[in-house]
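S.K.: Once you've had a glance at the structure underneath, I'll fire off some questions.
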Amino acid sequence: MKKKITLALTALFVISALGYSNTFSLKMNYFIPRAQSGPSWQDSLWTIEFDNMDFAKSHFQGMSLGLSYEYFLTRVLSLEFSIDAFYHKNNSGLYRDYVGFELDNDWWAVLSKYDKYMDVDTFSTGHNLDISITPVQLSLKIAPFGRRNKLIPYVGAGVGVYFWSVRMYGDMIDFDDEYIYETTQGYELPVYPIYAVDAREGENLGKVSFGYHVLGGLMFSLTNALTLDIGFKYHMAKGKFTEGFEGFAPFDLGGYHLSLGLNYWF
């Protein structure tokens, strides 16, 4: 992550040194992942995790830091280069409907509703899901009433490069490998092996994907050189798994950024 931020800041300051910016902005963002899931996303990691684990989408909402330089092409039109950094969530979850048990030095999972029929002690089982997303974006913005007013509304759209990584570590139940466990009372219960997992997608700078976004907001003039910025940005991007999660559907990197920040006008 430090390498990502260093590269992004270097690019920002190079642009500034060339005289391509009229404002520098510092924002606090609240990121709400879209986390597309459900029947039409049945092979998605988001869907599998939400179906089996006690994760909720709200568990993956979090803060990020926004930095940008903006260059005005005309009185109403500008280009903005931005980075939304430090979004990183690491959540621990438990399998919602299953418990584990040990048999002959191996771990197995059984539906928790069958716990009362088991001859051995059971325990909760789960894993951690660690996600990092850093968009670096170029936007074309329009301030229809100009930039020298007390209130400055704006809208825009653009493209971006997304640096991202996903890691899962802990216990994983293999639902494709079913066995039958017969209890001493004669019950035959379907059980599944539990394996230790440490799957990673993206090292160092992370995986790289491309996407696009739309945005809007309102700036309030505080002084001649300072404005308060309240903004919204909607991201659309997908990441392709090729390493630890190969075979899964593309990973939804999109979401919603709500931001509050300050713009310094040069």
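The values are calculated or read from the model by the stated rules, or taken from the named source; none is laboratory data. What you are looking at is a predicted structure, and each value in this text was computed from that prediction instead of being measured. Cβ: placed from backbone, ideal geometry, glycine included. Neighbour counts: every protein chain shown.
S.K.: Could you tell me how many of the residues in region 147-168 are assigned to a strand (DSSP E or B) and either at pLDDT below 95 or not hydroxyl-bearing (Ser, Thr, Tyr) (or both)? Working first, answer last.
M.R.: The initial filter retains those residues of region 147-168 that are assigned to a strand (DSSP E or B), namely 151-168.
This time we only want the ones that are either at pLDDT below 95 or not hydroxyl-bearing (Ser, Thr, Tyr) (or both), so: 151-153, 155-161, 163-164, 166-168.
Residues that pass the stated criteria total 15.
S.K.: Further, regarding this structure: Identify all residues within region 80-117 that are more than 31 Å from the chain's Cα centre (by Cα) and among the basic types (Lys, Arg); write none if there are none.
M.R.: LYS113, LYS116
Residue by residue, here is whether (1) buried (at least 20 other Cβ atoms within 10 Å of the Cβ); (2) in contact with an Asp or Glu (Cβ under 7 Å, 6 or more places away or on another chain); (3) not charged (D, E, K, R) holds:
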| site | (1), (2), (3) |
| --- | --- |
| GLU70 | yes, yes, no |
| VAL76 | no, no, yes |
| SER82 | yes, no, yes |
| ARG96 | no, yes, no |
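Every residue, every condition in (1) in contact with a strand residue (DSSP E or B) (Cβ under 9 Å, 6 or more places away or on another chain); (2) of a type in the set (Val, Ile, Thr), yes or no:
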position	(1), (2)
TRP107	yes, no
VAL110	yes, yes
LYS116	no, no
ASP130	yes, no
GLN137	yes, no
LYS150	yes, no
GLY170	yes, no
TYR181	yes, no
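S.K.: Can you give me the number of residues within region 19-64 that are more than 24 Å from GLY211 (Cα to Cα), assigned to a strand (DSSP E or B) and touching a Lys or Arg at 6+ places or on another chain (Cβ under 8 Å)?
M.R.: 1
S.K.: Out of the strands (runs of 3 or more DSSP E) lying entirely within region 169-266, which hold 2 or more residues that are touching a residue at least 24 places away in the same chain (Cβ under 8 Å) and of a type in the set (Phe, Trp, Tyr)?
M.R.: Working: elements: 179-182, 188-201, 207-221, 226-239, 255-265.
In region 169-266, the matching strands (runs of 3 or more DSSP E) lie at 179-182, 188-201, 207-221, 255-265.
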